[in-house]
Amino acid sequence: MASEPVASESAAGGKAPLPAGLDLLWGRREAGKRGPRPGLSADAIVDAAIRLADAEGLEGVSMARVAAELGFTPMSLYRYVASKEELLQLMWNGSASGAEGLVLEGDGWRAKLRNWAIVQRDMLDRHPWLTQMPMAAPPMAPNSMVFVELGLGAMDGTALADADKLRAIGVISSYTLSEARMANDERRAAQEQGAPSWTYDALLRELADEATYPRLHKIAWTPPDSGDGGGAGGPAGPPSEREEFLFGIDRILDGVAAYMDRAGPTG
């Protein structure tokens, strides 16, 4: 979670100042002149903001709403959090609370890395507002780095160079975030319309006529269990969103495995 305001190490230890938000998360922000408010803390602020975001989405989070949730004035929050943008960084870190205690299940690098992707996707589904977060740079908060370290550890003993392991982690994370964002956007659209939204396979069956789009038509009307490679839907119904997500993860892992084979013997 977020760190309490502490004295900066930059003056005593000569460390370079970190960007706003990261300095608080890593305990390298100089203590403010005003003392803390009794009953209030950075962790309490972040917890309240996450509760609001889980219930109402990211648009439901403001400094005023968080302050009201805690029974304080907005100005009280600024003793701990400098801005809403900084609060978002703290919320991202808070959403991954408990990462240090995760143990990846599975035998071998592939099973563990697949489990790593599933854990990440489950976190995004529990906190769908994460898919609305601006992503100008990779998350560098403590919990995020613990989670990346866990993914890298899944590939210990493989032939991949360390930099390539990090690239593999990046590809999996980008795919997972993209899939979670599309699923969340679909749910939000359905809620706003007050009715179930069109699924991709349903739209294919509605719009892809056989004469104009023969390949898409075949995919649309081929049952997934037909034995000829599957399809988007048909009488047997489409694969679930979860199944589609795992299909993509497995294909990415196929690529990582092929790259490992080209890299040489296991280190």
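Read-outs: derived from the displayed coordinates by stated rules, not from any lab. As the structure is a prediction and not an experimental result, all values here were calculated from the model. All Cβ positions, glycine included, derive from the backbone under ideal geometry; neighbour counts span all protein chains shown.
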At R0 = 25 Å, how high is the FRET efficiency between residue 43 and residue 244 if r is their beta carbon distance? Nearest 0.05 is fine.
0.10
Testing the spin-label approximation: label points 7 Å from Cα along Cα→Cβ at residue 132 and residue 164. State their distance in nm.
4.1 nm
Net length gained if the chain between residue 20 and residue 257 were fully extended (0.36 nm per residue, minus Cα distance):
81.4 nm
Would you work out the charge dipole size for segment 16-95 about its Cα centre, treating the Cβ of every Lys and Arg as +1 and the Cβ of every Asp and Glu as -1, and quote it to the nearest 20 debye?
420 debye
Can you give me the Cα centroid spacing of segment 79-95 and segment 163-183 in angstrom?
23 Å
Taking 0.36 nm per residue of separation between residue 210 and residue 125 and subtracting their Cα-Cα distance, the length gained on full extension comes to 27.0 nm
Applying the Karplus parametrisation 6.51 cos²θ - 1.76 cosθ + 1.60 with θ = phi - 60° to the phi angles of segment 244-256, what ³J(HN,Hα) value in whole Hz is obtained for each residue in order, glycine and proline being reported as x?
5, 4, 5, 4, x, 4, 5, 6, 4, 5, 4, x, 4
What residues of segment 90-126 lie in the reach of a label at residue 181, counting those whose backbone N is under 18 Å from a point 7 Å from the Cα along Cα→Cβ?
92-93, 120-126
Report the calculated FRET efficiency for residue 68 and residue 149 (r = Cβ-Cβ distance, R0 = 25 Å), to the nearest 0.05.
0.10
